[in-house]
1. Under 6 Å between Cβ atoms, at least 6 apart or on separate chains: pull out the pairs that start in segment 136-152 with a residue that is within 14 Å of Gly46 (Cα to Cα) and at pLDDT 95 or above and end on any residue that is part of a strand (DSSP E or B) and of a type in the set (A, V, I, L, M, F, W, C).
2. Only residues in segment 116-134 that are free of Cβ contacts under 8 Å to residues at least 24 places away in the same chain count as the first member; pair them with residues that are surrounded by fewer than 24 Cβ atoms within 10 Å (Cβ to Cβ), Cβ under 7 angstrom, at least 6 apart or cross-chain, and list the lot.
3. Exactly one of (1) surrounded by 22 or more Cβ atoms within 10 Å (Cβ to Cβ); (2) more than 28 Å from Leu37 (Cα to Cα); (3) at pLDDT below 95 is unmet by Gly116. Its number?
4. Where in segment 74-136 are there helices (runs of 4 or more DSSP H), lying fully within it, with 1 or more residues that are over 26 Å from Phe63 (Cα atoms) and of a type in the set (Phe, Trp, Tyr)?
5. Report every pair of residues separated by at least 6 positions or lying on different chains whose Cβ atoms are under 8 Å apart, first residue within segment 44-72 and under 13 Å from Leu269 (Cβ atoms), second of a type in the set (Lys, Arg) and surrounded by 16 or more Cβ atoms within 10 Å (Cβ to Cβ).
6. Given (1) surrounded by 17 or more Cβ atoms within 10 Å (Cβ to Cβ); (2) out of contact with any helix residue (DSSP H, G or I) (no Cβ under 7 Å at 6 or more places or on another chain); (3) closer than 29 Å to Lys125 by Cα, where does Asp239 come up short, assuming only one miss?
7. For segment 190-275, please list each of the strands (runs of 3 or more DSSP E) lying entirely inside it that holds at least 1 residues being among the charged types (D, E, K, R).
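The values are calculated or read from the model by the stated rules, or taken from the named source; none is laboratory data. No experiment lies behind these values; they were computed from the predicted model shown. Backbone-built Cβ (ideal geometry, glycine too); neighbour counts: all protein chains shown.
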Amino acid sequence: MRLNNHEAIGFIDSGVGGLTVVKEALRQLPNERLIYLGDTARCPYGPRPAEQVVQFTWEMTNFLLEKNIKMLVIACNTATAVALEEIKEKLDIPVVGVILPGTRAALKATQNNRIGVIGTVGTIKSEAYKNALKGKAPKTTVVSLACPKFVPLVESNEFGSSVAKKVVSETLNPLQLKKLDTLILGCTHYPLLRPLIQNVMGSHVKLIDSGAETVSEVSMLLDYFDIANSPDYKNEVNDFYTTGSPKMFKAITDEWLAIEDINIQQIRLGGMKHD
């Protein structure tokens, strides 16, 4: 595998959720150039059939491969759950998903071995987190809960609203009597709702941000493959692509990332209907 240190790291997500991973990458990996693609027009991926999620993930992957990326981060739990292994097998660049890093962090954090997982319908149905947790620590009690209303709240930039507060409270209510001490935010959209989630679960529950944990793995792989960029070559801006409204996307990036001169372009992927 011959990779160019100066090429970008690619990030793909069903919408804006993966920006929580990018935020951490900007902090941990300031020398790296990042290219992000959010499939906002077809978000959410959670309720979609697995075959369709795999197809959409390949469409995003192929778009970024044309940009000569040196590593791919699938910054979407639903896509990681159903497409990671296939994509990893077929690409000759490192491919990182968000599930295993989150699993490792949760097992490290828990004191009572009672771990909760919240995610999309697709992620929870796949049991990817449960299997990964049980595979590493069979005696762990895993309580999973699908939260289908969370992603639309974030995608519509409502994550700070009173509606969001009510929805989060009602959705997480079943977890409150489960004696959890650790909760995995098993969707990269969820950290934008973090203050509300923490408030409902209580300060004694440690929240695990799978996306942020993933960036530590990316950092390690850059060193392992010797493909980290040097400060001298960091002269190109990071690129952001969306299949949806650039205006809504920019509103969220402005609030969440606070980057000046952000370059956002709208694109279409295979099979998308034109307006």
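1. Note: pairs meeting the criteria are Leu145/Ile118; Cys147/Ile118.
2. These pairs meet every condition: Lys130/Val142; Lys130/Ser144; Lys134/Thr140; Lys134/Val142.
3. For Gly116, the exception is condition (3).
4. Once the helices (runs of 4 or more DSSP H) in segment 74-136 are filtered for at least 1 residues that are over 26 Å from Phe63 (Cα atoms) and of a type in the set (Phe, Trp, Tyr), what remains is 128-136.
5. Listed by first residue and then by second, the contacts come to Phe56/Arg42; Phe56/Arg48.
6. (3)
7. 206-209, 239-242
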